1. Which percent, to the nearest 5, of DSSP beta bridges fully inside the chain are antiparallel?
2. If amide H atoms are built 1.01 Å from N in the plane of the peptide, which residues on other chains or at least 5 residues away come under 5 Å of the amide H of F328?
3. Residue by residue through the range 404-413, what is 3J(HN,Hα) from phi via Karplus (6.51 cos²θ - 1.76 cosθ + 1.60, θ = phi - 60°)? Round to whole Hz and write x for glycine and proline.
4. 222 nm [θ] for the chain, helices only, -39500 (n - 2.57) per DSSP H run of 4+, per residue, to 500?
5. Compute the length gained on full extension between K332 and R49: take 0.36 nm times their separation in residues and subtract their Cα-Cα distance, giving the result in nm to one decimal.
6. Order of 346-357, 283-294 by packing, highest average Cβ count within 10 Å first?
7. Could you tell me which label, among (i) 20.7; (ii) 30.9; (iii) 24.0, carries the value of mean projected area of the Cα convex hull in nm² calculated for this structure?
8. What angle, in degrees between 0 and 90 and rounded to the nearest 10, separates the Cα long axis of helix 346-356 from the longest principal axis of the Cα atoms of the chain?
Amino acid sequence: MKNRRWVSIMLVYFLSVSRIEAFKFHRTQPTERISGSAGDVLEDDPFGRLKVFVYELPSKYNKKILKKDPRCLTHMFAAEIFMHRFLLSSVVRTLNPEEADWFYTPVYTTCDLTPNGLPLPFKSPRMMRSAIQLISSNWPYWNRTEGADHFFIVPHDFAACFHYLEEKAIERGILHMLQRATLVQTFGQRNHVCLKDGSIIIPPYAPPQKMQAHLIPPSIPRSIFVYFRGLFYDVGNDPEGGYYARGARASVWENFKNNPLFDISTEHPMTYYEDMQRAIFCLCPLGWAPWSPRLVEAVIFGCIPVIIADDIVLPFADAIPWEDIGVFVEEKDVPKLDTILTSIPMDEILRKQRLLANPSMKQAMLFPQPAQARDAFHQILNGLARKLPHGPDAFLKAGERVLNWTAGPVGDLKPW
């Protein structure tokens, strides 16, 4: 009864308050700038602070793969494709490798898809090894540092561990040839073998034009308290249950499937984006990996993200104050979700929504085409610029070698 009365008060309030809009902001709309260093970092301009040399690889590493399966342009791993396109026309690109601060190798490792559109991890390590062998043979720059001034986009579920199942990813570990490189990846979890120091965590790709096409009028109130659409169990890959999402999604379903405050289902309706804009809280639980596009969608649509993924490292955490805009719930506390969310003071909810209304916040989560100021492309460049200058340990002595080119599973060593 208490919960229902609280929600009624909240919904009456939101009937009289303009809803946060994702891409277009009225001047009268309440918003709040991110304070302190985080706000400054978010609005940094990377131009003039770094130069990037883009290796020209044979098309079999990128364009030819994409031509074979254009679905790669729309799935959540597409950041590797759009970052390549962005850099080719960016003012940070240099055609003179001698003046480059960073070197980028455009390899589309997530573009080998199953019939249902999921990346196959099996060829990815061999593909990456092949590309590195190529640049080390044809250019002198890799061999100077063994990758310490190179960066790679690795948007797999478990990044450069190149597998969608965590136990397999941990068993493989980060591809040894990438141990000195900077990895730009969607996967982030503290104290995990698939996240090495110095990695830049980015949001997964979510199609900006598609989301913009589903905006609803700002006068429509947020009448949904908690919203989630997705799997609670993965019977095909986890028939006994308990392993998928470490049981957190199953706990959401078992505890709240009949709770009127929770609009949760496995069905993915045509009104999914519209529903998120009508919700106050959007659940962002881990699945097989701790990250998913729901986090991006929640921020874009002004729905307070409820992050259920212990030890997660979130995108651009030095620029986006996740603690201020989201709600973190430990996996063991999922059964208390209703109590946790209904106990949040209204003033705190409204402040989170004002921060979510900040255009810079939303822009940092997107990979728009063409690129726009302060978008995810620029946040990646900011992250790279902050790592400069490279330390003296980046450059090897003549004849010095650190990496073991024959390390790793036997299958990964086969030619690609």
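1. Working: 2 of 28 bridges.
Antiparallel: roughly 5 percent of the beta bridges in the chain.
2. Here the answer is I307, since their amide H atoms fall under 5 Å of that of F328.
3. For the range 404-413, the Karplus-derived couplings read 9, 6, 9, 6, x, x, 4, x, 6, 8 Hz, x marking Gly and Pro.
4. Working: 16 runs with 128 residues, N = 416.
When only DSSP H runs of four or more count, the value is -8000 deg cm²/dmol.
5. Working: separation 283, 0.36 × 283 = 101.88 nm, distance 4.39 nm.
Contour length minus the Cα-Cα distance gives 97.5 nm.
6. Values: 346-357: 17.2, 283-294: 23.2.
By packing density, highest mean first, the sequence is 283-294, 346-357.
7. Read-out from the structure maps to (i).
8. 40
The values are calculated or read from the model by the stated rules, or taken from the named source; none is laboratory data. All values reported here derive from a predicted model rather than from experimental measurement. Using ideal geometry, Cβ is built from the backbone for each residue, glycine included, and neighbour counts are taken over all protein chains shown. Side chains included, ligands, DNA and RNA excluded: accessible areas come from the protein's heavy atoms. Shrake-Rupley method; radii C 1.70, N 1.55, O 1.52, S 1.80 Å.
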